[in-house]
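Notes follow once the structure below has been shown.
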Amino acid sequence: MTPIPLDDPGDPRIAAYRQVRERDLIGRQGLFVAEGEVVLRRLLGPHSRFRTESVLIAENRVAALADLIWPSDTPVYVAAPSVMDQIVGFPIHRGVLAIGEARPAESAESVAGAPAPTDRVLAVAGVGNHDNMGGLFRAAAAFGVRAVVLDATCCDPLYRKAIRVSVGASLIVPFVRTGPKQDVAEVLTALGYQCLALTPSAEETLRAVGTIGATAIIVGAEGPGLPEATMARCRRIGIPMADGFDSLNVATAAAIALHHLAVQP
């Protein structure tokens, strides 16, 4: 694909990039925005789960990205940094954006069903903070989970900030969202996973968890934590900490638990 020069911020071909922050809030009708070189490399890389509709980059980033974008047949628009700022509505210092196409909704069985004994999944209930969601996906990718299972109240892992914080992990780790009245622990237990709920009200420590077959680590929102109905279907697991302190950032806690499972013989 030959780069397509762009000098008009009103060009209709790049309408999806206009006023990025405002459109983050109202949704994109099946599309999402990926920002930054690392994220773009995930989106266009061999492990991406999403189709790229187009790329918009600043003129001063062309040389650094030539190896990635020119072999592709995806339309690549190139603009001066000042024009790009006008398009997106704020100074876009990274100078790299892309529009991706979300996948149709999938079922938990299709994404995480028939687990092998070594399969691990991360389940998330009630997390509405995009930084935390990005961190959770980054941990999931780092420790090789099969999938992330989100309940209906979680925020969108394809929100621009969530993708950026995940360093593109939400573009390569399979994920699925359960139905409005489905409990993640109930869904995963039915699929054959042993569910471990991370909670300060733990009945046993993470150190006590050995090799236990297909496993789901379940985390909830900071503050309210996991619903009692969810924890009732799980082993309640805690991470040992110093006296007088009983909590970690949710993504940090998930990363510690996933690492523990990853190093079990």
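Tabulated data
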{"read-out": "Residue 202 vs. criteria part of a helix (DSSP H, G or I), modelled with pLDDT under 95 and over 18 Å from residue 120 (Cα atoms)", "value": "no"}
{"read-out": "Residues that are among the aliphatic types (A, V, I, L, M) and free of Cβ contacts under 8 Å to residues at least 40 places away in the same chain, drawn from region 134-160", "value": "141, 147, 148, 150, 152"}
{"read-out": "Pair list, Cβ < 6 Å and 6+ apart or interchain, from region 176-196 residues that are in the same structural domain as residue 211 (by TED's automatic domain parsing) to residues that are of a type in the set (Val, Ile, Thr) and part of a loop (DSSP other than H, G, I, E, B)", "value": "184/178; 187/178; 194/212"}
{"read-out": "Qualifying position, being crowded, with 19+ Cβ neighbours inside 10 Å and within 17 Å of residue 7 (Cβ to Cβ), among 87, 69", "value": "87"}
{"read-out": "Qualifying residue in region 218-232 (condition: assigned to a strand (DSSP E or B), in the same structural domain as residue 119 (by TED's automatic domain parsing), of a type in the set (D, E, K, R) and surrounded by 16 or more Cβ atoms within 10 Å (Cβ to Cβ))", "value": "no"}
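The values are calculated or read from the model by the stated rules, or taken from the named source; none is laboratory data. Since we're looking at a predicted model, the values are computed, not measured. With ideal geometry, Cβ positions are generated from the backbone for all residues, glycine too; neighbour counts draw on all protein chains shown.
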